[in-house]
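Accompanying notes for the structure given below.
No lab work stands behind these numbers, since they all come straight from the coordinates. Everything numeric in this text was worked out from a predicted model, so none of it was measured. Cβ coordinates were reconstructed from backbone atoms using ideal geometry, including for glycine residues, and neighbour counts include every protein chain displayed.
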């Protein structure tokens with residue numbers, strides 16, 4: 001019987017089909033879903049901040065796009081996935097505050113999306129789809145079996161990317 005594994009904020013986990021994996025409350029945070037379509041091993045990271053080098057003495061690896069994505073890939077490959085076949089989808093990165101600011105420090109959602117895309121590109125992992133930006137939070141469920149990334153948001157129709 002399959003189960004849905006929960007991933008908390010600033011956390012990550014992996015699963016094998018037929019299990020799925022979910023995270024709640026992606027506001028400015030980004031959910032990065034990665035899988036190997038052959039072995040159907042996948043994982044999900046819920047990153048809060050773009051760059052671990054901006055914070056001193058922080059040992060929470062999944063909290064940051066740069067270190068979280070590296071660790072997610074490491075765990076997926078350690079479980080038996082092929083590094084060369086990995087593909088990704090991302091969601092989140094909203095601008096959750098009503099005011100608009102040109103101050104990039106306040107645009108955490110945009111910065112998280114850009115850092116996630118940059119890290120995936122550096123690691124040669126293609127991003128097949130994304131649902132990012134705007135001004136609303138998202139809850140996501142990822143199924144490594146078929147690659148479906150289900151996105152739910154209050155007042156919006158459910159979307160699968």
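Comparing 37, 50, 62 in a Gaussian network model of the chain where C-alpha atoms under 10 Å apart are linked, the largest mean-square fluctuation is found at 37.
The helix-only estimate of mean residue ellipticity at 222 nm for the chain, built from DSSP H runs of length n ≥ 4 each weighted as -39500 (n - 2.57), is -6000 deg cm²/dmol after division by the residue total. Which residue, 56, 119, 89, tops the fluctuation ranking in a GNM of the chain built on C-alpha contacts under 10 Å? Result: 56 has the largest fluctuation of those listed. Computed over the chain, relative contact order equals 28 percent, with contacts defined as Cα pairs under 8 Å that lie 6+ residues apart. Each of 107, 83, 138 was scored by other Cβ atoms within 10 Å of its Cβ. Arranged with the fewest first, they read 83, 107, 138. This ranking places 30, 77 by how few other beta-carbon atoms lie within 10 Å of each, fewest first, which gives 77, 30. With respect to the chain, whose longest principal axis is taken over its alpha-carbon atoms, helix 65-78 is tilted by about 0°.
Looking at the chain only, what percent of DSSP beta bridges run antiparallel? Nearest 5 please. Please list the in-between numbers first.
Working: 30 of 40 bridges.
DSSP beta bridges in the chain are roughly 75 percent antiparallel.
What FRET efficiency comes out for the pair residue 74/residue 161, r = Cβ-Cβ distance, R0 = 22 Å, nearest 0.05? Before the final figure, lay out the partial values.
Values: r = 25 Å, r/R0 = 1.12.
Working from the Cβ atoms, E equals 0.35.
Here the scattering of the stretch 1-156 is modelled by Debye summation over its C-alpha atoms, one equal scatterer each and no solvent; at q = 0.14, 0.18 Å⁻¹ the log10 of I(q)/I(0) is -0.61, -1.00.
Between the Cα long axis of helix 108-122 and the first principal axis of the chain there is an angle of about 40°, rounded to the nearest 10. If the chain linking residue 55 and residue 82 were pulled fully straight, counting 0.36 nm for each residue of separation and taking away their Cα-Cα distance, it would gain 6.5 nm.
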